[in-house]
Amino acid sequence: MQFEDTWANNTGLASAYERVFGSRRDVLSSTSSTTSAGNSGNDFIQFEAMQTTILERQIRDMLINLITYENMPATLNTAQLETMLRQFGGGVCVGKDALGDLVILGRADELGYNLYGNVIPSLFDGSNNLLQDKKVITNRNLKGDYVVFYNKQSYTDFYSTDFEIVNHYCKLLATIKATERMNLIQMRIPYFIKGKKNGVVANDFAARYLSGDIFIALDESSDMLEKLEIAGLTVPDRTGTCQQSYKSTFSEMLTLFGVYNNPDAKKERMISQEASANNHIIEGMGDIYFNARRHAVDLLNNAFGYDIKVRWNSTVASMFRDMAVKGGR
């Protein structure tokens, strides 16, 4: 049984959820017949789009749980905080509401060069009435009303979002996976058959061969050898190269987010000094994210008397490393 909101559909006021869900569902179901006999698996673009969507959802969910907060009041949703930090440019205003609970008050949009000044807050409804007369808590002003969380400890990269980086790398990873899949499909059909004469028998033979029939009965009187030409195709196995490229690309993304990712690289004769140098880069990138959050938490603790701590989620970090090492397997 299916219910339909006829009035909403007729007036164009149908649920936004239905529209969004429908579009996402179409993306994921567009490759339901990817290897059917009708298209012989020639659906690189559709498979690539589906793989991109799946990877984006998985990596974004993991990324917003990569850093956790201990002793955070239940009134502040840390998953929402991390989502806003990773998705939006600028900062996130956190302070006490009218009831005295620590909550997310809105976003800080117009950031100046000085991290502690020129902050113009905005709420989700586009109004800043709640925060326009409030003071920002800084190192010099612990009697303010709210703290601005920043995703990165940077003076030049406020508006480059992590979700944009994820989208970029997911497209690259999806292309690699789609290329590997097409290589396997080509290996499955290592011959090209064409008819010398466009007869019904020749076309039927080719169609049944490509569909995977092991044995095809032929009329004894048929002269198939005169009607068909079979050209062998040299299809090298490039799946190993694709898998290694997937690992390297995934590790490159993890380096940008400060996640260790090179245990498998040592098997490729990476000397200890090179591995150590890469670790320093990863640690530096991790500090950019971690210190920005720790600074905001320290201000909250000093201003409001909390004992909040910021931690790396080792479970999520291990999952990221596994994904890099296994090459998506």
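Using the number of other C-beta atoms within 10 angstrom as an exposure proxy, rank ILE282, ILE165 with the fewest first.
Going from least to most buried by this count: ILE165, ILE282.
Please list, in order along the stretch 71-80, the HN-Hα scalar couplings obtained from phi with the Karplus expression 6.51 cos²θ - 1.76 cosθ + 1.60 (θ = phi - 60°), rounded to whole Hz, x for Gly and Pro.
For the stretch 71-80, the Karplus curve yields 6, 7, x, 5, 6, 9, 7, 5, 5, 5 Hz.
Taking the Cα-to-Cβ direction at PHE304 and at GLN80 and moving 7 Å from each Cα, how far apart do the two end points lie in nm?
With each label placed 7 Å out from Cα toward Cβ, I get 1.3 nm.
What is the fewest-to-most order of TYR246, TYR169 by other Cβ atoms lying within 10 Å of their Cβ?
Details: TYR246 24, TYR169 19.
Least crowded to most crowded, the residues run TYR169, TYR246.
If you take the beta carbon distance between ASN71 and LEU99 as r and set R0 to 25 Å, what does 1/(1 + (r/R0)^6) give as a FRET efficiency, to the nearest 0.05?
Numbers: r = 20 Å, r/R0 = 0.79.
The computed FRET efficiency comes out at 0.80.
What is the sum of charges around LEU85, taking Lys and Arg as +1, Asp and Glu as -1, for the other residues whose C-beta is under 12 Å from the C-beta of LEU85? Write down the numbers at each step before the final one.
Working: positive: ARG86, ARG107, LYS152, ARG293; negative: GLU82, ASP162.
Here the count lands on +2.
Would you mind checking LYS152/LYS326; LYS152/LYS177; LYS96/LYS135; LYS96/LYS152 for any pair whose Cα atoms are more than 21 angstrom apart?
Numbers: LYS152/LYS326 29 Å; LYS152/LYS177 31 Å; LYS96/LYS135 12 Å; LYS96/LYS152 23 Å.
Violating the 21 Å limit, Cα to Cα: LYS152/LYS326; LYS152/LYS177; LYS96/LYS152.
Every read-out reported here was derived from the displayed coordinates using simple, explicitly stated rules and does not represent laboratory data. Note that the structure is predicted; figures quoted are calculated from it, not measured. Here the Cβ is made from the backbone with ideal geometry for all residues, glycine too, and neighbour counts use every protein chain on show.
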